[in-house]
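The values are calculated or read from the model by the stated rules, or taken from the named source; none is laboratory data. What you are looking at is a predicted structure, and each value in this text was computed from that prediction instead of being measured. So basically every Cβ, Gly included, is an ideal-geometry build from the backbone, and we count neighbours across all protein chains shown.
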Amino acid sequence: MELDNIRVSDSMLQRLAELKADNHAESRSRLAAIEEAMTPQWKSSMHSRMDHLGKEASSPRSKLPKLYMLMEEVGALRSEHVSCKAGCSACCRTIPVEISDLEARHIAAATGRAAAALPPGRHTALGQVDTPCPFLVENRCSIYEHRPYSCRSLAVVDRDALACSEENTALTRAKDPRAVPVVMTKMLAFDPLYRDITGRKAGSWADIRQFFPAV
Ligand code: SF4
Ligand code: SF4
């Protein structure tokens, strides 16, 4: 069958059916392993450093990379339990990536590529995206060290990246019952600090593709 010009083969449908039959058992066990790895002592230390960063008398521009460093620690801790890995990039082609103007300026400074100046407010067009992230190069993130908050926060805890595939995304968009939900984990505990640093109320927000349109 074909959906949105994407061919969904019988073997792909079979693999999706097998994943569905698993009923997220593996995802649940991966989520439990991540929770177990975050010991009370580890959580206490992390919360204290988050609190310290929030109160630090420094500019948002200097706080942002420090926030990213804390998130890296969570990323390292959960890395063996998630399906996300280098070269796996369907998400960078199929989902919106909302960023703040502070993050756009951070990426611009790191890459030398100019970011569009957008007026304050939220410009993100949520929903389907038809173009890959402009920083996806040969299936890898070319700004990995400077990637924005949302790319750091989210990770998939399925046994592989099957649910992220273009085929499953096409089935999901078509509301086909054979589509399988993507099971993910997010670093939600960082959200309030992220909002404080990036100035959720005052800044401008848009998809990374709007700040850095294709050239
Ligand atoms: S598993 Fe999914 S979310 Fe994770 S890197 Fe691969 S395509 Fe992206
Ligand atoms: S910034 Fe990097 S990780 Fe995020 S969507 Fe773009 S290519 Fe993917």
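Worth pointing out:
- Among the conditions (1) touching a residue at least 24 places away in the same chain (Cβ under 8 Å); (2) more than 15 Å from the chain's Cα centre (by Cα), the only one that CYS88 does not satisfy is (2).
- Members of the stretch 54-65 found to be within 10 Å of LEU193 (Cβ to Cβ) and under 22 Å from the mean Cα position of the chain (by Cα), listed by number: LYS63
- Of all residues making up the stretch 139-152, the number that are in a helix (DSSP H, G or I) and either at pLDDT below 95 or touching an Asp or Glu at 6+ places or on another chain (Cβ under 8 Å) (or both): 3
- Count of the stretch 184-211 residues, restricted to those that are assigned to a loop (DSSP other than H, G, I, E, B) and modelled with pLDDT under 95, is 5.
- Scanning the stretch 109-119 for residues that are within 14 Å of ligand 2 (Cβ to nearest atom) and not basic (Lys, Arg) gives ALA110, THR111, ALA115.
- Exactly one residue among TYR144, TYR149 is of a type in the set (Phe, Trp, Tyr), exposed (fewer than 15 other Cβ atoms within 10 Å of the Cβ) and either within 8 Å of ligand 2 (Cβ to nearest atom) or within 26 Å of LEU193 (Cβ to Cβ) (or both), and that residue is TYR144.
- A single member of ALA90, ALA25 is within 19 Å of ALA161 (Cα to Cα), surrounded by fewer than 18 Cβ atoms within 10 Å (Cβ to Cβ) and at pLDDT below 95, and it is ALA25.
- Residue, farthest from ligand 2 (Cβ to nearest atom), within the stretch 120-138, restricted to residues that are on the phi > 0 side of the Ramachandran plot and modelled with pLDDT under 95: GLY121
- Within the stretch 128-158, the set of residues being more than 10 Å from ligand 1 (Cβ to nearest atom) and charged (D, E, K, R) comprises ASP130, GLU138, ARG140, GLU145, ARG147, ARG152.
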